[in-house]
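Engineer: Got a structure for you, written out below as structure tokens; questions coming shortly.
The values are calculated or read from the model by the stated rules, or taken from the named source; none is laboratory data. Because the structure is predicted, anything quoted here is derived from the model rather than measured. Every residue, glycine as well, gets a Cβ built from its backbone with ideal geometry; the counts of neighbours run over all protein chains shown. For accessibility, only protein heavy atoms count, side chains too; no ligands or nucleic acids. Shrake-Rupley method; radii C 1.70, N 1.55, O 1.52, S 1.80 Å.
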Amino acid sequence: AAADAPADAGPKPGRRRWTVPSRLTLWMCCVMVFGTVAEGAMNDWSALYLKDIAEASAELAPLGIAVVSGMMVVARLFADGWRGRWGDGRVVLLGSAVAAAGLAVALVSGGVAPALAGFACMGLGIAAVTPCVYAAAARQGSDALTLVAAMGTTGLLAGPPLIGFIAGASNLAWGMGAVAASAGAVALCSTRISWTEPAPAAQSEATPA
């Protein structure tokens, strides 16, 4: 009789249940979205801002994306050292604050040189946001990391058209102002994250039986 039992009569793995993201994960998602919105928008709109608003020459306009990209490379080369010295939370907070303030001052000042300086602040300050948030999300488990990564992709895709919509409704100066506001939102949201909080699995393993 036992030989006649169906082959699939053994225990079946339970279906994975969807869980509500924690408040910590949601704040990470906010930081990631605002950070990637700023990053993506700078890549797409900096050259046009120099040409149309700052009235840069055709030779100088491409410097916008070059400055942003170059400073992001520099920041990511040194980001691990900064994280080890000051911690992820301080790197994200100070970096995004520098990015927001630098670009805002550049927009108010006007001109090519202030714009390039503001773009440099944005590239330098916003570059370490994504690596820090990924590291923090990974400590919370695969579900948190997956959601945060999805929000990062959303921000990169939504940022350029969002700034374009704002620019179309007013002008690109206001659109770039929204980029500065996004960096400021990163700074504010980052204060709600416990950057050193251990993963839930680690907490349960540390609990005595």
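Engineer: Confirm whether VAL92 is closer than 16 Å to CYS189 by Cα and surrounded by fewer than 24 Cβ atoms within 10 Å (Cβ to Cβ). Full working, then the answer.
Structural biologist: Working: closer than 16 Å to CYS189 by Cα: yes; surrounded by fewer than 24 Cβ atoms within 10 Å (Cβ to Cβ): no.
Criteria not met by VAL92.
Engineer: State all residues of the stretch 140-157 that are surrounded by 16 or more Cβ atoms within 10 Å (Cβ to Cβ) and among the small types (Gly, Ala, Ser); if no residue qualifies, say none.
Structural biologist: Within the stretch 140-157, GLY141, ALA144, ALA149, GLY152, GLY155 qualify.
Engineer: Give the stretch 178-193 a look and list any residue that's over 20 Å from LEU156 (Cβ atoms), open to solvent by 30 Å² or more (accessible area, probe 1.4 Å) and touching a residue at least 40 places away in the same chain (Cβ under 8 Å), or say none. Outline the logic, then answer.
Structural biologist: In the first step, residues of the stretch 178-193 are kept if they are over 20 Å from LEU156 (Cβ atoms); the result is 188, 191-193.
Those still in the list that are open to solvent by 30 Å² or more (accessible area, probe 1.4 Å) too: 188, 191-192.
THR191, ARG192 - these are the residues of the stretch 178-193 that are over 20 Å from LEU156 (Cβ atoms), open to solvent by 30 Å² or more (accessible area, probe 1.4 Å) and touching a residue at least 40 places away in the same chain (Cβ under 8 Å).
Residue by residue, here is whether (1) under 17 Å from the mean Cα position of the chain (by Cα); (2) part of a helix (DSSP H, G or I); (3) over 25 Å from ALA158 (Cα atoms); (4) at pLDDT 90 or above holds:
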residue	(1), (2), (3), (4)
PHE34	yes, yes, no, yes
LEU48	no, yes, no, yes
GLY64	no, yes, no, yes
ARG85	no, yes, yes, yes
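Engineer: Provide a single number: the residues in the stretch 112-139 that are open to solvent by 30 Å² or more (accessible area, probe 1.4 Å) and outside any helix (DSSP H, G or I). Let's see the steps before the verdict.
Structural biologist: From the stretch 112-139, those open to solvent by 30 Å² or more (accessible area, probe 1.4 Å) are 112-114, 116-117, 121, 124, 131, 134, 138-139; that's our starting set.
Among the residues that remain, those that are also outside any helix (DSSP H, G or I) are: none.
Qualifying residue count for the region: 0.
Engineer: Given the condition within 15 Å of VAL105 (Cα to Cα) and assigned to a helix (DSSP H, G or I), answer yes or no: does some residue in the stretch 141-155 qualify? Spell out how you get there, then give the answer.
Structural biologist: Here is the first cut: in the stretch 141-155, the ones within 15 Å of VAL105 (Cα to Cα) are none.
Checked the stretch 141-155: no residue is within 15 Å of VAL105 (Cα to Cα) and assigned to a helix (DSSP H, G or I).
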